[in-house]
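J.: One structure follows; several queries about it will come next.
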Amino acid sequence: MTCGPLRVLGDGSTMDAEKTSDAGSGPGDSGQGSAELARALIAAIGRHDLDAMRALDAPDVVDDFVAVGRFAGIEAVVGFFAELVAAVPDFRIVPLRVTAQGANAVVQWRATGTFNGGPFQGVHATGRPIDLRGCDVMRFEDGLLKHNTVYYDGLAFARQIGFLPSEGSRTDRALQAAFNARTDTLARVKEVRG
């Protein structure tokens, strides 16, 4: 897949100048294409509209966040997003590119906000801004999201919220040196034990 020309949106985000959509009929009986369903789902998340999101998810939906974990069932998935928008009250997600074929859609997105609400995945709010890019790989059945694999840079997120030190900082270099010293020591011990 190649990236075509980008168009700058009013909020400063970008998207393909030419949207790519599925050319065939939509998945299942819905009559909507998977690209439109994917856009509707991302828009619902961006509006913090968990009821609209719930209406687009299958009861046994699975969201597999590669950086965080797997959430199975509509209550677990909606619970994850409820926690997210509570932790990042100004959370926004903007689709940058949507590509779809048949029952599958891929959405490249950009998410921004400030981690100044409640805790997220056990981490207390730090008040720091986040600005992440990621990709959802969605599969729809009967007009509902059945499975979604979500890819984003979990290391960048951890650094942005202050969970890990900034890249290249003194603390980052010290942490890396300590890790390498431990690894080297364990390798030498293993070598001696043969």
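The values are calculated or read from the model by the stated rules, or taken from the named source; none is laboratory data. The structure displayed is predicted, hence computed values, not measured ones. Using ideal geometry, Cβ is built from the backbone for each residue, glycine included, and neighbour counts are taken over all protein chains shown. Ligands, DNA and RNA are stripped out before the accessible areas are found, and what is left, the full protein with its side chains, is counted by its heavy atoms. Shrake-Rupley method; radii C 1.70, N 1.55, O 1.52, S 1.80 Å.
J.: Exactly one of (1) open to solvent by less than 70 Å² (accessible area, probe 1.4 Å); (2) part of a helix (DSSP H, G or I) is unmet by S166. Its number?
T.: The one condition S166 does not meet is (2).
J.: Give the residues of region 61-103 that are in contact (Cβ under 8 Å) with a residue 12 or more places away in the chain, in a strand (DSSP E or B), out of contact with any helix residue (DSSP H, G or I) (no Cβ under 6 Å at 6 or more places or on another chain) and charged (D, E, K, R), sorted by residue number.
T.: D64, R97
J.: Another question, then. Report, by residue number, each residue of region 127-146 that is β-branched (V, I, T) and either open to solvent by 70 Å² or more (accessible area, probe 1.4 Å) or in contact (Cβ under 8 Å) with a residue 60 or more places away in the chain (or both). Steps first, please.
T.: The initial filter retains those residues of region 127-146 that are β-branched (V, I, T), namely 130, 137.
If the condition is that a residue be β-branched (V, I, T) and either open to solvent by 70 Å² or more (accessible area, probe 1.4 Å) or in contact (Cβ under 8 Å) with a residue 60 or more places away in the chain (or both), then no residue fits.
J.: Also, quick follow-up: If I ask for residues that are open to solvent by 20 Å² or more (accessible area, probe 1.4 Å) and either at pLDDT below 95 or part of a helix (DSSP H, G or I) (or both), which ones from region 27-49 would you list?
T.: Matches in region 27-49: G28, D29, S30, G31, Q32, E36, R39, A40, A43, G46.
J.: Next question. Evaluate the following for A52: is it modelled with pLDDT of 95 or more, open to solvent by 20 Å² or more (accessible area, probe 1.4 Å) and not charged (D, E, K, R)?
T.: yes
J.: With the requirement that a residue be touching a residue at least 40 places away in the same chain (Cβ under 8 Å) and in contact with a helix residue (DSSP H, G or I) (Cβ under 9 Å, 6 or more places away or on another chain), what does region 44-60 give you?
T.: Passing the criteria: I45, H48, L56, D57, A58, D60.
J.: Of R139, R110, which residue is part of a strand (DSSP E or B), under 21 Å from D60 (Cβ atoms) and not aliphatic (A, V, I, L, M)? Walk me through how you get there before you give the answer.
T.: On the way: R110 fails: under 21 Å from D60 (Cβ atoms).
Matching residue, one of R139, R110: R139.
J.: What pairs come up if the first residue lies in region 109-122 and is more than 15 Å from P89 (Cα to Cα), the second is part of a strand (DSSP E or B) and basic (K, R), and their beta carbons are under 6 Å apart, counting only those six or more places apart or on different chains?
T.: Pairs found: R110/R133.
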